[in-house]
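**Q** I am attaching a structure below and will ask some questions about it afterwards.
The values are calculated or read from the model by the stated rules, or taken from the named source; none is laboratory data. Not measured: the values here are computed from a predicted model. Positions of Cβ are backbone-derived with ideal geometry, glycine not excepted, and every protein chain shown enters the neighbour counts.
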């Protein structure tokens with residue numbers, strides 16, 4: 001790196017700044033914020049500012065000549081210095097937050113970044129730091145989920161130039177299979193929900209009949225997502241979990257309760273904005289406390305599980321189930337069926353004596 005000692009200048013507003021060249025390109029600083037310093041010569045009385053600017057020039061020169069990091073103004077591009085793992089982690093989060101992910105996912109990544117940053121003993125990330133963070137989660141499922149999201153940040157940091165991979169020797173935990181509980185009498189439960197709340201009833205009906213996910217895919221639906229005759233729902237890739245465009249048939253028993261509104265209106269709120277992201281979660285919790293027929297362990301997703309079983313039993317086709325559920329692969333559909341304990345083999349398929 002070619003670096004000259006900074007010189008002190010004064011601009012047309014009578015403010016002092018220092019200028020210097022790095023590899024024949026000129027840079028100017030009015031204060032020490034870009035080297036992690038709170039020192040600001042222009043905060044002093046006018047008579048002192050020149051001498052204080054000389055102090056800033058010395059601080060900046062010593063910082064940079066000793067390998068300090070200097071990034072471009074309003075940019076993450078590196079001017080000089082060596083980035084630490086912490087710098088790369090910051091850049092990785094910044095890049096992920098610019099991608100078209102859900103706000104919930106971005107908040108999770110931000111939270112993980114904050115927790116890991118607080119654990120890092122020096123500027124480099126170690127496997128011990130990651131283990132200390134993940135050990136906070138006692139549930140195997142939660143541990144593996146957080147490990148997966150943490151790996152996203154670490155892999156992004158590596159793609160940006162971080163040399164080591166502290167995730168390399170951190171394995172996932174073996175989680176016990178969880179059995180999802182389908183609904184035995186779907187009509188009876190839907191009738192009870194209908195008496196409690198129209199919005200919750202419509203949400204459950206569409207979760208079962210259209211196999212959409214309730215908390216985002218259904219909650220955010222607008223009338224423009226439906227075809228003119230309400231027979232199909234069109235969802236773009238950024239509106240569903242699989243990331244692929246989906247065209248979903250709407251059964252007649254769902255169409256019978258739909259009253260079409262203005263094109264840009266949400267089907268539940270009747271306005272341009274959807275209901276808050278916890279709306280159906282809160283409504284379901286309140287319904288659950290007063291229900292006479294709801295079984296332990298049944299959730300809003302139980303309607304989707306029940307619909308999946310109906311499709312597989314009726315068609316016997318994994319490909320149709322995959323398309324209906326919007327799964328990214330057949331393997332995901334197989335895993336889904338195992339979670340529902342749906343038999344993939346019949347008695348007549350077994351060896352005969």
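**Q** Return yes or no: is residue 242 within 19 Å of residue 214 (Cβ to Cβ), in a loop (DSSP other than H, G, I, E, B) and at pLDDT 90 or above?
**A** Numbers: within 19 Å of residue 214 (Cβ to Cβ): yes; in a loop (DSSP other than H, G, I, E, B): yes; at pLDDT 90 or above: no.
Answer is no for this residue.
**Q** Being touching a residue at least 24 places away in the same chain (Cβ under 8 Å), surrounded by 13 or more Cβ atoms within 10 Å (Cβ to Cβ) and either within 24 Å of residue 5 (Cα to Cα) or in the same structural domain as residue 125 (by TED's automatic domain parsing) (or both) narrows it down to one of 93, 78, so name that one. Lay out the reasoning, then the answer.
**A** Working: 78 fails: touching a residue at least 24 places away in the same chain (Cβ under 8 Å).
When all the criteria are applied, what remains is 93.
**Q** Another question about this same structure. Residues being exposed (fewer than 12 other Cβ atoms within 10 Å of the Cβ) and in contact with a strand residue (DSSP E or B) (Cβ under 8 Å, 6 or more places away or on another chain): count how many of those fall in region 26-55.
**A** 1
**Q** If you don't mind, there's one more thing I want to ask. Within region 65-72, is even one residue outside any strand (DSSP E or B), closer than 30 Å to residue 215 by Cβ and in contact (Cβ under 8 Å) with a residue 60 or more places away in the chain? Give the derivation first.
**A** In the first step, residues of region 65-72 are kept if they are outside any strand (DSSP E or B); the result is 65-69, 72.
With closer than 30 Å to residue 215 by Cβ added as a condition, the list becomes none.
There is no residue in region 65-72 that is outside any strand (DSSP E or B), closer than 30 Å to residue 215 by Cβ and in contact (Cβ under 8 Å) with a residue 60 or more places away in the chain.
Rundown of residues vs (1) buried (at least 18 other Cβ atoms within 10 Å of the Cβ); (2) within 28 Å of residue 247 (Cα to Cα), yes/no style:
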position: 146; (1), (2): yes, no
position: 159; (1), (2): no, no
position: 168; (1), (2): no, no
position: 208; (1), (2): yes, yes
position: 212; (1), (2): yes, yes
position: 216; (1), (2): no, yes
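**Q** Determine the pairs where a residue that is loosely packed, with under 12 Cβ neighbours inside 10 Å, located within region 106-122, has a partner that is assigned to a helix (DSSP H, G or I) with Cβ atoms under 8 Å apart, the partner being 6 or more residues away or on another chain.
**A** Once the first residue is loosely packed, with under 12 Cβ neighbours inside 10 Å and sits in region 106-122, its partners that are assigned to a helix (DSSP H, G or I) give 121/129.
**Q** Let me ask you something else. Evaluate the following for residue 333: is it at pLDDT 80 or above, in a helix (DSSP H, G or I) and either buried (at least 18 other Cβ atoms within 10 Å of the Cβ) or touching a helix residue (DSSP H, G or I) at 6+ places or on another chain (Cβ under 6 Å) (or both)?
**A** Values: at pLDDT 80 or above: no; in a helix (DSSP H, G or I): yes; either buried (at least 18 other Cβ atoms within 10 Å of the Cβ) or touching a helix residue (DSSP H, G or I) at 6+ places or on another chain (Cβ under 6 Å) (or both): yes.
No, not satisfied.
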